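Q: Handing you a structure now.
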Amino acid sequence: RRGDSVVLDIFIPIRRYWCDMTRTVFFGAVSDEGRRVYDTVRAANEAAETMIRPGIPMRDIDAAARKVITDAGYGPYFTHRLGHGCGLDCHEPPDNSSACEVLTRPGMVFSVEPGIYLPGKLGVRVEDLVLVTEGGCEVLNNYPKGIQIVE
């Protein structure tokens, strides 16, 4: 229906390695609350990605995204880990979660996928796949993160 959010989780293997990306679109229109939720999730995604570089505990990346969502008042509605390793399987270790003490290192590939899900109202997730580099991280998918309204 008009105003509904649609979460599109797209994953497929390419030459034996998995790709994973999620974007959320709104059908026909977006409410003020939908826009607030979307902007919060996008900010959480970007906060996490900004801090990724070698030597960072995965739990700290999760915490950075979770803080943005909690500070906006939506903490209880971020109901899953921030992400997962991705390679020969779509979901593989390490978890990008509050419990993971693994330190990032160059060559690691994992997802950054914060989300807010308001039961009976809307859900939003913005997911990127990132590669840890010597100097930070590279976002591997190339699709805009701005809010999109489709007809």
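The values are calculated or read from the model by the stated rules, or taken from the named source; none is laboratory data. None of these values were measured; they are calculated from a predicted model. Neighbour counts are summed over all protein chains in view; Cβ atoms, including those assigned to glycine, are modelled from backbone coordinates with ideal geometry. The accessibility values were calculated without ligands, DNA or RNA, using every heavy atom of the protein model including side chains. Shrake-Rupley method; radii C 1.70, N 1.55, O 1.52, S 1.80 Å.
Q: If we count every other residue with Cβ under 9 angstrom of Arg81's Cβ, Lys/Arg +1 and Asp/Glu -1, where does the sum land?
A: Numbers: positive: none; negative: Asp62, Asp95, Glu113.
With Lys, Arg at +1 and Asp, Glu at -1, the net is -3.
Q: Can you give the calculated 222 nm mean residue ellipticity of the chain, where each DSSP H run of n ≥ 4 adds -39,500 (n - 2.57) and the sum is split over every residue, rounded to the nearest 500 deg cm²/dmol? Please report the intermediate quantities before stating the final value.
A: On the way: 2 runs with 34 residues, N = 151.
Here the helix-only value at 222 nm equals -7500 deg cm²/dmol.
Q: Something else now. Counting only heavy atoms of the protein chains, get the accessible area per residue of the chain (1.4 Å probe) and round it to a whole Å² value. Mind showing how you got there, number by number?
A: Details: 7800 Å² over 151 residues.
On a per-residue basis, 52 Å².
Q: Listed highest first by mean packing, meaning other Cβ atoms within 10 Å per residue, what order do 36-48, 98-110 come in?
A: Details: 36-48: 21.5, 98-110: 16.2.
Taking the mean over residues of other Cβ atoms within 10 Å, the ranking is 36-48, 98-110.
Q: For Pro106, what charge total do you get from the other residues with a beta carbon under 13 Å from its beta carbon, if Lys and Arg give +1 and Asp and Glu give -1? Mind showing how you got there, number by number?
A: Values: positive: Arg53, Arg105; negative: Glu134, Glu138.
Neighbour charge sum, excluding Pro106 itself: 0.
Q: Can you pull the semi-axes for region 10-151, root of five times each eigenvalue of the Cα gyration tensor, sorted largest first, whole Å?
A: Values: eigenvalues 125, 62, 32 Å².
The equivalent ellipsoid of region 10-151 has semi-axes of 25, 18, 13 Å.
Q: Now a separate question. Evaluate the charge dipole of the chain about its Cα centre and quote only its size in Debye, nearest 20, assuming +1 on the Cβ of each Lys and Arg and -1 on the Cβ of each Asp and Glu.
A: 240
Q: Sticking with this structure for a sec: Distance from the Cα centre of region 122-144 to that of region 90-110, in angstrom?
A: 14
Q: Counting only C-alpha contacts under 8 Å and six or more residues apart, can you give the relative contact order of the chain as a whole percent? It would help to have the intermediate numbers written out before the result.
A: Working: 356 pairs, mean separation 44.9, N = 151.
Reported relative contact order: 30 percent.
Q: Take the Cα gyration tensor of region 1-63, multiply each eigenvalue by 5, square-root it, and list the three semi-axes largest first, rounded to whole angstrom.
A: Square roots of five times the eigenvalues give 27, 20, 7 Å.
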